[in-house]
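First up is the structure itself, then whatever we jot down about it.
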Amino acid sequence: MTQHETQETGPGTQEPLTTDVLIIGAGPTGLMLAVCLQRLGVRFLLADRKHGPTRESRALALQARSLEIYDQLGLVQRVLAQAALAPAIAPGFRDTPLATVSFGSLGKGVTPFPGIHILEQSRNERLLVAALEERGDPVLWGHGLRGLEQHDRGVTAHLETDDRVVRRVDARFLIGADGASSAVRELSGIPFDGVTNPDTFYVADARAVTGLVDDAVNLRFSADDFLLTFPQGAVGHHRLIGVVRTPEGEGVTEEATRSTLSREFGVAYGDSTWFSTYRVHHRVAGRFRSGAVFLAGDAAHVHSPVGAQGMNTGLQDAHHLACALAEVLLGGSGDERLDRYEAERRPVALRLVRTTDRLFSAVTADSSFARTLRAAVLPRVLPLLAPILGRVLPRVARRARLFEYVSQIRIHYWMTPDARRRAGGRRGRLIGRRLAWNEDNFAVLRSMDWQVHVYGDSDEQSLDRMRRESRMPVHQFGTVRNPRLAGGLAVLVRPDGFVLDTRRLPASVADWAVHAPRGRDVSEPPPPRD
Ligand SMILES: Cc1cc2nc3c(=O)[nH]c(=O)nc-3n(C[C@H](O)[C@H](O)[C@H](O)COP(=O)(O)OP(=O)(O)OC[C@H]3O[C@@H](n4cnc5c(N)ncnc54)[C@H](O)[C@@H]3O)c2cc1C
């Protein structure tokens, strides 16, 4: 399917393009947005000033919620075929690991994708590009955004090619998925408030690494530094992340990093396939929406790599926004549906940035108190704690709640403007959260539509009545395996898999029909894709 239309213009100019959604930036966020829109049947165009996916590994971890989204898109088998499971975490002090805690059962029973998967950003990007191309929607590479104007029909954007040809694109909506230095954000006058961490960080994808627990995520402290490592598949291959304290403006070389690693942690490596240094920012855009323009991913929020949340948060912004856009462009929902994007995703970003900022400040603090703590207290206390850590950490790791936070499946949204007031400020176990997994209830989410789930036994007559009342597909799951769900419960599920409402049966669900897409007979659920 051609996703945009061209018009004839005079000689010497590139013809303008028209589309419903123009996405600027084909990083993980823009690519995921495009794949979701493709699956939902929305016309879009995706442009990037680069000439292909990133060659750098960059983000590594793929959290369970991201895998659930890949599953909904019918792509999870391709992801799993390339991804590796992070087996354990090994905290330590200087050159000594203090315990090795298996990630073995982390998340079992709460998601079809337990554990923490490692699949580097460049491979995620290639996989998404391939999915787009397979269905006839290639990325418009080599097109950089130069200007945009909003008007009553939407947005006109000006894209410039390498040979300085400017191309006009008219779109109903424009999405800035163009990274931390977003031109869309700047052209829209949206502030990006926050702080820049004073230290310089390095990342190295290193081979023939010695001095680490090989098959684990290593977290090491010393009086002056910290080191976080991720295994990268082959023996001795690790991503190394750390801080280098340098005088203002002084660069960090790989050689200086090697000597820090050796001195502080007894770690050495042969060569690296990627070495980079960067400053960490903690910032959130003042708005995620300005009229017909939206921000997503790093364009909307940036934070430290602690917790491996960056790419995953962008993937989820994209999925959320695509579902909202489809409801407005194809489902007949009003424009206010799009306000839910900022209302729901910005608080998630604010909380994430606050948490990672605090964590990072604690880990990298350079005050005399922090240095004394690391130099004098930790070396004495940590070895004494080692045997206890070995017993306590596995128990902590097994707790579902910790996993749910890290894997981003515990995210909560206030899903209507008055939801918080109506709930008295108390977050529910089901409403406002991603649907609890019941082992058999995720396959039907692949249709990416509004739907009603009935848990426990119910007769055909009641199910038919609910179909007529709600004007949505109704799916029944006789056996209730997840303790968050209960027999005799009807659940209203949004296309992004989040629960908007629940009701004990028998009950009328006629008021849920306001969410049913207009003009579509949904009494027969569409078959799952892929
Ligand atoms: C050195 C480094 C290491 C990192 N390590 C980690 C990590 O370990 N874990 C983690 O979770 N995250 C990490 N991150 C962050 C992670 O890479 C980002 O969160 C993620 O890339 C965000 O994806 P995005 O699609 O929103 O933005 P980006 O990946 O930045 O993609 C933006 C895209 O927009 C394009 N673009 C920009 N401007 C324009 C324009 N004017 N016109 C057209 N196209 C444009 C760019 O070419 C790019 O392709 C790291 C980042 C860096 C820089």
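The values are calculated or read from the model by the stated rules, or taken from the named source; none is laboratory data. All of these numbers come straight from a predicted model, not from anything done at the bench. Ideal geometry is used to build each Cβ from the backbone, glycine not excepted, and the neighbour counts take in all protein chains shown. Calculation scope for accessible area: heavy atoms of the full protein, side chains included, ligands and nucleic acids excluded. Shrake-Rupley method; radii C 1.70, N 1.55, O 1.52, S 1.80 Å.
With all projection directions averaged, the alpha carbon convex hull of the chain covers 26.5 nm². A cut-off of 5 Å between modelled amide H atoms, ignoring neighbours fewer than 5 places along the same chain, links Phe93 with Leu98, Phe221. Between Asn438 and Leu85, the simple label model (points 7 Å from Cα in the Cβ direction) yields a spacing of 2.6 nm. For the chain, the longest principal axis of the alpha carbon atoms and the long axis of helix 378-398 meet at an angle near 30°. Eigenvalues of the alpha-carbon gyration tensor of region 419-518, scaled by 5 and square-rooted, set the equivalent ellipsoid semi-axes at 19, 16, 14 angstrom, largest first.
Rg and Dmax of region 82-123, based on Cα coordinates, read 13.0, 37 Å. When only the Cβ of Lys, Arg, Asp and Glu is charged (+1, +1, -1, -1), the dipole of the chain relative to its Cα centre reaches about 2020 debye.
Between helix 254-265 and the chain there is an angle of about 70 degrees, using the helix long axis and the longest principal axis of the Cα atoms. Using the 1.4 Å probe convention, the accessible area of region 1-131 works out to 37 Å² per residue with neighbouring protein chains retained. Relative contact order of the chain: 16 percent, from C-alpha pairs under 8 Å at least 6 residues apart in sequence.
With R₀ fixed at 41 Å, the C-beta to C-beta distance from Asp95 to Glu134 puts the FRET efficiency at about 0.25.
When the Kirkwood hydrodynamic radius is evaluated over all pairs of different C-alpha atoms of region 145-205, what value in angstrom, to one decimal, is obtained? Hydrodynamic radius (Kirkwood, Cα only) of region 145-205 equals 14.1 Å.
Here the spin labels are modelled as points 7 Å beyond Cα on the Cα-Cβ line, and at Arg207 and His51 they lie 2.5 nm apart. Here the Kirkwood formula, the inverse mean of 1/r across different C-alpha pairs, assigns region 275-362 a hydrodynamic radius of 13.9 Å. Each of Asp511 and Leu463 was given a label point 7 Å from its Cα along the Cα-to-Cβ line. The distance between the two points is 2.6 nm.
By DSSP, the beta bridges lying fully in the chain are antiparallel in about 75 percent of cases. Determine the share of the chain's accessible area contributed by carbon and sulfur atoms, expressed in whole percent, with a 1.4 angstrom probe. Its accessible area is 52 percent carbon and sulfur atoms. To the nearest ten degrees, helix 310-329 and the longest principal axis of the Cα atoms of the chain are 10 degrees apart.
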